[in-house]
Amino acid sequence: MPRTPPSARKSPRRIHRLLVIGLLIGLLFVVAAIAAALGLRSQNASSSSAAPSVNPPRSAHPGALGEAGGAVPDGVTVFDDGYPAVANLRPDLLRALRAAATDAAEDGVKFYVNSGWRSPERQNQLLREAVSKYGSEDEAARWVATADTSPHVSGDAIDIGGSNATVWLSGHGARYGLCQIYRNEPWHYELRTDASDRGCPRMYADPTQDPRMQQ
């Protein structure tokens, strides 16, 4: 009977050592995979939280005139009739907003209201705050209209909160007649009933370019 060469024989102790080494190597691979997955998840979360949100400027004193003047707390949607900012919008604009919001919900998008209808008093308050913030009436006019010219006061405009909602509207809003009016305000939408056939009109650079603001 041929004999097994010494080099081909493995003692139980050597076999045990090789098994332990193999298990340790496998464990290191598992730990490395888990650490990589956790690191990627943390990086994605950090990137998401760092992304700037697109929201209109709010009053520094939102409670000064209260909800009766058009102030809205966080979380109000276009379906919340209990707030004058929503309930006092023009009916045709509100219908279009709710139709769009219903369809957007199927894509996981929710329409929050940062501002809708405003009383003249609240509009004047916002304008005073804008003058203080931007340093001049001319610069403030790029962001806030007077009470006599603001489409918010007439119930013809809404400021939508959330970058995902404004992105959705930029792609689908014309179908419902909802159009962004000012290039510097991606949150400001008004109703243009013929937009579903002709598309939304060309945007103004800012409110100072809008002929309605020259009245």
Matching residues in the range 66-101 - criterion: being small (Gly, Ala, Ser) and either open to solvent by 20 Å² or more (accessible area, probe 1.4 Å) or more than 16 Å from residue 151 (Cβ to Cβ) (or both) = 66, 68, 69, 71, 75, 82, 87, 99, 100, 101
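Collect the residues in the range 131-160 that are within 23 Å of residue 86 (Cα to Cα), out of contact with any strand residue (DSSP E or B) (no Cβ under 7 Å at 6 or more places or on another chain) and not polar (S, T, N, Q), keeping them in residue-number order. Reasoning before the result, please.
Step one: of the range 131-160, the residues within 23 Å of residue 86 (Cα to Cα) are 143-160.
Okay, now just the ones that are also out of contact with any strand residue (DSSP E or B) (no Cβ under 7 Å at 6 or more places or on another chain), so 143-150, 153-155.
143, 144, 145, 147, 148, 153, 155, listed by residue number.
Out of the residues in the range 105-132 that are part of a helix (DSSP H, G or I) and touching a residue at least 60 places away in the same chain (Cβ under 8 Å), state the one that is most open to solvent (accessible area, probe 1.4 Å).
Checking each candidate, the answer is 129.
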Filter the range 65-98 for residues that are hydrophobic (A, V, I, L, M, F, W, C) and more than 15 Å from residue 158 (Cα to Cα) and give the result.
-> 65, 68
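Which of the residues belonging to the range 133-188 are acidic (Asp, Glu) and part of a strand (DSSP E or B)? It would help to see each step written out before you state the result.
So the first thing to find is which residues in the range 133-188 are acidic (Asp, Glu), and the list is 137-139, 148, 156, 159, 185.
Within the range 133-188, 159 is the sole residue that qualifies.
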Using the structure shown, decide if residue 162 is at positive phi, surrounded by 14 or more Cβ atoms within 10 Å (Cβ to Cβ) and modelled with pLDDT of 95 or more.
-> no
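The values are calculated or read from the model by the stated rules, or taken from the named source; none is laboratory data. Not measured: the values here are computed from a predicted model. Please note: Cβ atoms are built from the backbone with ideal geometry, for glycine as well, and neighbour counts cover all protein chains shown. Each accessible area value is taken on the protein alone, full model and side chains, heavy atoms only, with ligands, DNA and RNA left out. Shrake-Rupley method; radii C 1.70, N 1.55, O 1.52, S 1.80 Å.
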